[in-house]
Amino acid sequence: MSSRGTTLLGGLVGAGVIVIGAVGSLLVVVVLTVYFLAGLPRIKLFAYRLAPQSRRARVILLGDEIFTKVGAYVLGNVATSVIAGIGTFAWMMIFGIPYPVLLGLFVALLDLIPVIGSTIGGIVVTLVALTVSLPVALFTIAFYVGYRLAEDYLLVPRILGRAVKVPAVVSVVAVLVGGALLGIIGALVAIPAAAALRLWLDEVAFRRLDNS
């Protein structure tokens, strides 16, 4: 009995460390995003002035399209994250799992990270569900497996796929590479960066190759 309690305590401590680290990184991203959005008009104007006058109109059109895709991706990502948070809150309320509001917000924030965010959130919620009972924890695992499938095959293709038009395989690879290089921040910006790169390839690189 004592060993089970020690294991559970260790799991909760580990979950707490994950929560603190993830929330800290996400708060940094939120603050940087606010500052970036506040200065976006000046940033765009400065970036466009770096292009030669003869090509500036083309650069502005391409840049505006990239910003539009990134903005659509961000809005879609926020929408799926809100759904994940509300689903977590409702599940925890039904089964009497502690801290439904806090963990619902936590899962919503983590879900902003593509591919791996909701999985990490599900693990944390499952560890907390162990304080209720083992069956509740097992049901929670099943819930998050089902949610991941629904998010990957229903929500993301409908909400995000139309916005960025990045193939699923490319999205996964981009998130893994971005996460390995820059951690949570890299995972967050990986898919918008991949979308911007694909647009640049289609509109600039491939056209030059076709005309060469």
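Say we look at region 95-120 and pick out the residues that are under 12 Å from the mean Cα position of the chain (by Cα) and of a type in the set (Gly, Ala, Ser); which of these is surrounded by the fewest Cβ atoms within 10 Å (Cβ to Cβ)? Give the derivation first.
Taking region 95-120 first, the residues under 12 Å from the mean Cα position of the chain (by Cα) are 107-120.
Still in the running and of a type in the set (Gly, Ala, Ser): 108, 117-118.
On the way: Ala108: 23, Gly117: 26, Ser118: 27.
Among those that are under 12 Å from the mean Cα position of the chain (by Cα) and of a type in the set (Gly, Ala, Ser), it is Ala108.
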**OP:** Select from region 152-170 the residues that are under 15 Å from Asp111 (Cα atoms) and touching a helix residue (DSSP H, G or I) at 6+ places or on another chain (Cβ under 6 Å) and write down the one among them that is modelled with the highest pLDDT.
**Re:** Leu155
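Residues are listed down the side, and each one gets a yes or a no for (1) buried (at least 20 other Cβ atoms within 10 Å of the Cβ); (2) under 23 Å from Pro192 (Cβ atoms); (3) touching a residue at least 40 places away in the same chain (Cβ under 8 Å):
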residue	(1), (2), (3)
Asn77	yes, yes, yes
Ile83	no, yes, yes
Val128	yes, no, yes
Val132	no, no, no
Ile141	no, no, no
Tyr147	yes, no, yes
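The values are calculated or read from the model by the stated rules, or taken from the named source; none is laboratory data. In this text, all values refer to a predicted model and were calculated from it rather than measured experimentally. Note that we place each Cβ from the backbone using ideal geometry, even for glycine, and neighbour counts take in every protein chain shown.
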